[in-house]
1. Restricting the calculation to Cα positions, tell me the Rg (one decimal) and the Dmax (whole number) of the chain in Å.
2. With a/c under 1.5 counting as rounded, go ahead and sort the range 189-319 into rounded, prolate or oblate using the C-alpha gyration tensor (a ≥ b ≥ c being the square roots of the eigenvalues; past the cut-off, prolate if a/b is larger than b/c, else oblate).
3. Please quote Rg/Rh for the range 358-464 to two decimal places, taking the Kirkwood radius as Rh and restricting both calculations to Cα atoms.
4. Testing the spin-label approximation: label points 7 Å from Cα along Cα→Cβ at Thr409 and Ser349. State their distance in nm.
5. Order by neighbour count: Ile429, Ile345, Ile103, fewest other Cβ atoms within 10 Å first, most last.
6. Over the range 290-370, consider all pairs of different Cα atoms and compute the Kirkwood hydrodynamic radius from their mean reciprocal separation; express it in Å, one decimal.
7. Taking θ = phi - 60°, what integer Hz values does the Karplus form 6.51 cos²θ - 1.76 cosθ + 1.60 yield along the range 158-170, in sequence order, with x for Gly and Pro?
8. In what sequence do Ile415, Ile408 fall when counting other Cβ within 10 Å, fewest first?
Amino acid sequence: MQQQETLQTIPILVEEPIWKVNVGSNKIHAKRTTGRFRTIKWLTASTWLLFFLGPYLRWDNRQAVLFDIDGSQFHLFGVTVYPYDLWMLSFVLIFFAMLLVLITVLVSRAFCGYFCFQTVWTDLFSWIEEHLEGPPRARVALDIAPWGMHKLAIKLTKHSIWLIISMLTGVSFAAWFTDAYQLWINYFTLQAHISAWIVLLMFTVGTYLFAGFMREQVCFWLCPYARIQSVLYDNNTLLPTYDKSRGEPRARLDRSSENQRVGCVDCDQCLAVCPTGIDIREGEQIGCITCGLCIDACNSVMDKINQPRGLIRYDSLSNQQSTKSYYRYLRPQVLVSSVMILSSIIMISYGLSHITEAELSINPKRQPMYVVMSDGKIQNTYQLRIFNKSESDNQYRVNIKGLDNMMITGDEKPILVRSGDGTNTLVYIKVSPEQLSSKISPLTFRIKNILGKSPPIEYQSVFIAP
Ligand code: SF4
Ligand code: SF4
């Protein structure tokens, strides 16, 4: 009996009955709206023009930003980064990861709604669709209409434009990794490298399918960020929110009645404009990309019926549950991610401003660790690797300090190192045992470019004796 009662008190987990996800069976023809968030969406989307135009920027007779994989170099305006300096890449990754965390903690999936390439390209493709096929009803009618010259012409034009944009996306991506102007020549003369053709094909097919056909389904089922976002939210995260207390019960506007309460007028405009087919009045849902278009739609309805805006608005759970209106910016997730973003910026700035002209590494030969020569002196052998990161061939003079009366072989002549290349040199150091005060003595290797004015580069090593 007692066991039966206990079982009855355990809440049974059931699927939320109104939780809906369009699994692709219904093609979404979202209505386009105007408003503040629509404008922000256009502005943030326009930053992607940099993706298309950036590779054509020149700096010092070279592509300003170039990921030269063949040459293992990354050119960023006047700065060249070699694999030696790739530690900065980890801070670049931390910077973007933390920026994503910060944005999500503050304003949920604003990245998805305003900046993500999938939603931006989808938005562009549907904008083209609307201009060719008309508003949603006309598009649905065209889809079900029998094929004829008119429909064929419209559909061919639309798909051709989509394909051109998809191909431009592929070319633009490839152009960040090779000379952009030469790339066009290589494509047109069919001389492009196989990897350039593969990139073009993958991006053309991917963009055409993802932005033209799969659209919100990519956000629902393929995007990993959509899955992890929920763990980043907290009660203070701003989300597009329907104000149930003001909106319900819904009722059509009755202009003949003077004293009616006006909440949601059940016009479905918020649903009609949603690019992922969500009815925000049913609560926050996994498919919501936080684009705010439903807010624009509802605000324009409220304007028309002379009611205050904000029936749908960016709001947080704690704000809704509190009698006072408040929103906490300062909370642990915000502070931690902000500190990490700031630290990454400092480290990247430090790295970029301290890139040396050359890289020196010393590899002491430790098999054997030392050699006792016939004259009783102790010899250690070192392999010097000098990598020239500058734009010109350089000559480096080697200087070694740390022990008195060292006999050095291998440092007599300056070492020539070609630009973007590395050279290995063997250096032998012989010391009399009486000059050594311990088994391990510190040594400082220093190289200086005799053809330039850059400061010397040092490397610390040790001399080992019996
Ligand atoms: S519910 Fe609103 S904010 Fe969310 S995706 Fe739809 S239109 Fe955008
Ligand atoms: S747009 Fe506003 S008024 Fe119209 S259905 Fe949506 S919430 Fe209700």
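Coordinate-derived values only; no laboratory data. Bear in mind the structure is a predicted one, so any value in this text is a computation, not a measurement. Cβ coordinates were reconstructed from backbone atoms using ideal geometry, including for glycine residues, and neighbour counts include every protein chain displayed.
1. Cα only, the chain: 32.6, 116 Å (Rg, Dmax).
2. Numbers: a/c = 3.79, a/b = 2.23, b/c = 1.70.
The shape class here is prolate.
3. Working: Rg = 14.4 Å, Rh = 14.4 Å.
For the range 358-464, the value is 1.00.
4. 5.1 nm
5. On the way: Ile429 24, Ile345 12, Ile103 19.
Taking fewest neighbouring Cβ atoms as first place, the list is Ile345, Ile103, Ile429.
6. Working: mean 1/r = 0.0527 Å⁻¹.
Averaging 1/r across every pair of different Cα atoms and inverting gives 19.0 Å.
7. These are the phi-based 3J(HN,Hα) values: 4, 5, 5, 5, 4, 5, 5, 5, 5, 5, 4, 4, x Hz.
8. Working: Ile415 18, Ile408 15.
Starting with the residue having the fewest Cβ neighbours, the order is Ile408, Ile415.
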